[in-house]
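Remarks on the structure that follows.
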Amino acid sequence: MGLWTKQQLREFIKENKLVTAQDAQNALKNLFAETIQEMLEAEMDTHLGYQKHEVENKTTTNSRNGKSKKRVTSEYGEQEIIVPRDRQGEFEPLVVKKHQSNVTGIEDQIIALYAKGVSTRDIQDHLESMYGIEVSPTLISNVTNKIIPLIKEWQNRPLQGVYAVVFLDAIHFKVKQDGAIVNKAAYKVIGIDLDGSKDVLGMWIGENESAKFWLSVLNDLKNRGVQDIL
């Protein structure tokens, strides 16, 4: 199962009345688990050399052989993930290794992938940091090819026309980029709609916090359907 569609996400927020920080944490927990699933599938594609159902590209006698359930602990609590298996038992996943049950720290790397403005090189750095090893360009390509369309869909999803309250804030942090430590600003916008449901409207990455960048953030919200904030 991939990440929720836009409609499924909106229905989930509305049905579960996400109005507290814990509600948001639980939503991120699901986002984290489903992204992990996509990355494990990308690893299996890389291991076998062909994507699921594309047997015409198969050049190995090995093949997929079902899946197994696994419980892991992260900063969002304990959750269950599904790990794909291969028939010859040679698949060694990297994102969640065999016998690994604690994945604390990976969450921040995955959530970072959802920040608007992250370049392919930045994503590669995140993935290498997450895995703790130097991964092959093919694996990075397979992972990003699966994840980036989901990120773009989330970033560009339509928003509601009116929000009761909108919180805007930026967090400043240092990151390694092209071998140097640089300052970045992560912009986040959280809205509460007229039903009292809370939603992360977007995340953006900038070189620093500025009025000009905030204007671009507000224009993005307007272009995605926001007409008024009470």
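What are the pairs, 6+ residues apart or on separate chains, where a residue within segment 146-169 that is within 30 Å of residue 51 (Cα to Cα) and in contact (Cβ under 8 Å) with a residue 60 or more places away in the chain has its Cβ under 8 Å from a residue that is acidic (Asp, Glu) and assigned to a helix (DSSP H, G or I)?
146/38; 146/41; 147/38; 150/38
Residue 189: hydrophobic (A, V, I, L, M, F, W, C) and either modelled with pLDDT of 95 or more or under 16 Å from residue 155 (Cα atoms) (or both), yes or no? Walk me through it before giving the result.
Working: hydrophobic (A, V, I, L, M, F, W, C): yes; either modelled with pLDDT of 95 or more or under 16 Å from residue 155 (Cα atoms) (or both): yes.
So residue 189 passes the test.
Could you pull out the residue among 30, 26, 57, 62 that is more than 20 Å from the chain's Cα centre (by Cα) and modelled with pLDDT under 80? Let's see the steps before the verdict.
Values: 30 fails: more than 20 Å from the chain's Cα centre (by Cα); 26 fails: more than 20 Å from the chain's Cα centre (by Cα); 62 fails: modelled with pLDDT under 80.
That would be 57, the only listed residue that is more than 20 Å from the chain's Cα centre (by Cα) and modelled with pLDDT under 80.
Only residues that are in a strand (DSSP E or B), at pLDDT 80 or above and of a type outside the set (Asp, Glu): list them for segment 83-111, please. Please lay out each step first, then the result.
Let us first name the residues in segment 83-111 that are in a strand (DSSP E or B), namely 83-86, 102.
Subsequent filtering for residues that are at pLDDT 80 or above retains 83-86.
The answer is 83, 84, 85.
Here's the yes/no breakdown for (1) modelled with pLDDT under 90; (2) surrounded by 11 or more Cβ atoms within 10 Å (Cβ to Cβ); (3) in contact with a Cys (Cβ under 7 Å, 6 or more places away or on another chain):
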position: 163; (1), (2), (3): no, yes, no
position: 174; (1), (2), (3): yes, no, no
position: 177; (1), (2), (3): yes, yes, no
position: 180; (1), (2), (3): yes, no, no
position: 196; (1), (2), (3): no, yes, no
position: 201; (1), (2), (3): no, yes, no
position: 210; (1), (2), (3): yes, yes, no
position: 218; (1), (2), (3): no, yes, no
position: 228; (1), (2), (3): no, no, no
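Please determine, by comparing only the residues of segment 65-80 that are at pLDDT 75 or above and open to solvent by 50 Å² or more (accessible area, probe 1.4 Å), which one is farthest from residue 102 (Cα to Cα). If you could, list the steps in order and put the result at the bottom.
Taking segment 65-80 first, the residues at pLDDT 75 or above are 65-73, 78-80.
When the remaining residues are screened for being open to solvent by 50 Å² or more (accessible area, probe 1.4 Å), the result is 65, 67, 69, 71, 73, 78, 80.
Numbers: 65: 25, 67: 20, 69: 15, 71: 9, 73: 5, 78: 9, 80: 12 Å.
Applying the filter and picking the extreme gives 65.
When only residues in segment 38-64 that are assigned to a helix (DSSP H, G or I), of a type outside the set (Asp, Glu) and more than 17 Å from residue 83 (Cβ to Cβ) count, which is most open to solvent (accessible area, probe 1.4 Å)? Lay out the reasoning, then the answer.
Taking segment 38-64 and keeping what is assigned to a helix (DSSP H, G or I), we get 38-48, 55-57.
Going one step further and asking which of them are of a type outside the set (Asp, Glu), we end up with 39-40, 42, 44, 46-48, 55, 57.
Next, only the ones that are more than 17 Å from residue 83 (Cβ to Cβ) stay: 55, 57.
On the way: 55: 99, 57: 76 Å².
That would be 55.
The values are calculated or read from the model by the stated rules, or taken from the named source; none is laboratory data. Treat the numbers as computed from the prediction; the structure is a model and nothing was measured. Every residue, glycine as well, gets a Cβ built from its backbone with ideal geometry; the counts of neighbours run over all protein chains shown. Quick note on the areas: whole protein, heavy atoms, side chains included, nothing else; ligands and nucleic acids left out. Shrake-Rupley method; radii C 1.70, N 1.55, O 1.52, S 1.80 Å.
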